[in-house]
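Student: Structure below; questions to follow.
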Amino acid sequence: MTLIKWAPRPASIFDDMDKMINNVFENDWNFPVRSKTNWSPAVDVKESDNSFTLTADIPGLTKKEVKVNVTDGILSISGERKFEDEKESGNYHYRERRYGSFSRTFNLPETVNEEDISASFKNGILSIELPKHEVVIPKEREIKIS
């Protein structure tokens with residue numbers, strides 16, 4: 001069963017134009033062309049016989065700043081990385097780190113036991129263990145016709 005549906009975005013001529021503009025202005029002139037305020041942590045999903053394990057890279061946050069919720073078969077991860085407003089003198093020449101809030105949602109397969117989901121956060125890595133239900137084989141029974 002698939003945990004995540006993948007829907008690739010169709011390629012656009014504007015993607016190539018954006019790359020050209022970024023190459024000219026960001027690399028050659030060190031001017032930020034467009035800063036993306038939204039960011040999204042990278043996520044890996046692994047399946048074993050007994051569970052799924054979702055691992056997300058969320059550096060720079062503490063476990064108190066990350067929220068994990070499950071509602072009606074949907075797992076959501078959210079949080080916010082605060083913008084570091086430094087009052088010191090000096091100017092940035094280049095900024096790649098993203099700030100602001102993020103949210104990721106995942107449709108859980110029916111095999112996940114939502115009551116036993118657990119999560120841990122260590123060194124900027126969030127790990128969520130999604131145990132599967134035990135497989136129950138339906139018993140066959142004969143029904144007498146009266």
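Student: Answer yes or no as to whether Phe83 is within 30 Å of Asn123 (Cβ to Cβ), of a type in the set (Phe, Trp, Tyr) and either modelled with pLDDT of 80 or more or in contact with a Pro (Cβ under 6 Å, 6 or more places away or on another chain) (or both).
Tutor: In short, no.
Student: I'd like the full set of residues that are at pLDDT below 95, under 19 Å from Asn69 (Cβ atoms) and part of a strand (DSSP E or B), limited to the stretch 107-132.
Tutor: Asn107, Val112, listed by residue number.
Each row is one residue, and each column tells you yes or no for (1) under 16 Å from the mean Cα position of the chain (by Cα); (2) in a helix (DSSP H, G or I); (3) modelled with pLDDT of 90 or more; (4) not hydrophobic (A, V, I, L, M, F, W, C).
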{"position": "Pro8", "(1), (2), (3), (4)": "no, no, no, yes"}
{"position": "Ala11", "(1), (2), (3), (4)": "no, no, no, no"}
{"position": "Phe14", "(1), (2), (3), (4)": "no, yes, no, no"}
{"position": "Asn27", "(1), (2), (3), (4)": "no, yes, no, yes"}
{"position": "Lys36", "(1), (2), (3), (4)": "no, no, no, yes"}
{"position": "Ser40", "(1), (2), (3), (4)": "yes, no, no, yes"}
{"position": "Val45", "(1), (2), (3), (4)": "yes, no, yes, no"}
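Student: So which residues in the stretch 96-113 are closer than 11 Å to His133 by Cα and of a type in the set (Asp, Glu)?
Tutor: Glu110
Student: Follow-up. Restricting the first residue to the stretch 101-121 and requiring it to be within 17 Å of Ile58 (Cβ to Cβ), which pairs with a second residue that is surrounded by fewer than 18 Cβ atoms within 10 Å (Cβ to Cβ) and of a type in the set (Lys, Arg) meet a Cβ separation below 8 Å and a spacing of at least six or different chains?
Tutor: Close Cβ pairs satisfying both conditions: Phe121/Lys63.
Student: Residues Val135, Val70: which one is farther than 16 Å from Pro41 by Cα and outside any strand (DSSP E or B)?
Tutor: Going through Val135, Val70 in turn, just one is farther than 16 Å from Pro41 by Cα and outside any strand (DSSP E or B): Val135.
The values are calculated or read from the model by the stated rules, or taken from the named source; none is laboratory data. All values derive from a computational prediction rather than experimental measurement. Here the Cβ is made from the backbone with ideal geometry for all residues, glycine too, and neighbour counts use every protein chain on show.
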